[in-house]
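Have a look at the structure below, then the notes.
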Amino acid sequence: MRILVSACLLGMNTKYNGGNNRDNRVVSFLLKNNYFFIPLCAEQLGGLPTPRSPAEIEKGFTSKDVLEGKAKIKNKDGEDVTNLFINGAKSVLSICKEFGITHAILQDRSPSCGYTKIYDGTFENNLILGNGILTELLKKNNIQVLDLESILSLY
Ligand code: SF4
């Protein structure tokens with residue numbers, strides 16, 4: 001396996017609030033198995049600053065809708081950041097293709113990296129079923145997203 005990892009999961013300060021989501025269990029999983037891995041942040045690659053206003057996919061829509069131009073991603077200040085998110089996801093995909101990435105480990109709940117759970121667009125911490133923009137794009141391109149909870153449960 002050659003693995004893309006959400007940069008914030010490895011301790012890089014790429015989160016909207018300038019922090020990270022480092023989880024040593026993910027680091028152990030990668031190092032113990034001697035996997036080739038690349039940490040990337042779609043939102044930074046899309047040109048968003050850090051720190052930045054948090055953003056969510058519009059209520060009632062999915063990441064697929066966003067990728068098809070039917071919905072937007074807006075930040076908490078009401079600004080439309082859709083193109084930055086899409087450009088960032090496309091940049092990550094392009095790097096993945098260049099390095100032969102086959103799998104991904106992604107930070108849950110993010111409008112970019114979220115896998116199976118994302119926020120509902122109200123900025124009230126309500127989770128719904130769904131994927132982030134990057135996750136959706138990776139899946140469309142046959143890059144398999146590994147279940148983070150399953151990996152964490154190994155340690
Ligand atoms: S876009 Fe992904 S890698 Fe970047 S901060 Fe959000 S969850 Fe982490």
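So here's what we get for this one:
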read-out: Residue in the range 98-118 that is among the basic types (Lys, Arg) and touching a residue at least 40 places away in the same chain (Cβ under 8 Å) present; value: no
read-out: Qualifying residue in the range 99-111 (condition: more than 16 Å from residue 145 (Cβ to Cβ), modelled with pLDDT of 95 or more, away from the ligand (no atom under 15 Å from the Cβ) and not hydrophobic (A, V, I, L, M, F, W, C)); value: yes
read-out: Residue match in the range 100-123 (condition: in contact with a Phe, Trp or Tyr (Cβ under 8 Å, 6 or more places away or on another chain), among the basic types (Lys, Arg) and surrounded by fewer than 22 Cβ atoms within 10 Å (Cβ to Cβ)); value: yes
read-out: Lone unmet requirement of (1) closer than 15 Å to residue 150 by Cβ; (2) surrounded by fewer than 19 Cβ atoms within 10 Å (Cβ to Cβ) for residue 26; value: (2)
read-out: Members of the range 1-55 found to be of a type in the set (Lys, Arg) and either near the ligand (Cβ under 10 Å from one of its atoms) or in contact (Cβ under 8 Å) with a residue 12 or more places away in the chain (or both), listed by number; value: 2, 15, 22, 25, 52
read-out: The range 60-90, residues that are more than 17 Å from residue 130 (Cα to Cα), small (Gly, Ala, Ser) and assigned to a helix (DSSP H, G or I); value: 88
read-out: Top-ranked residue of the range 124-155 - restricted to ones that are surrounded by fewer than 24 Cβ atoms within 10 Å (Cβ to Cβ) and of a type in the set (Ser, Thr, Tyr), ranked as nearest to the ligand (Cβ to nearest atom); value: 150
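The values are calculated or read from the model by the stated rules, or taken from the named source; none is laboratory data. Note that the structure is a prediction, hence the values are computed from the model and not measured. Note that each Cβ is placed from the backbone with ideal geometry, even for glycine, and that neighbours are counted across all protein chains shown.
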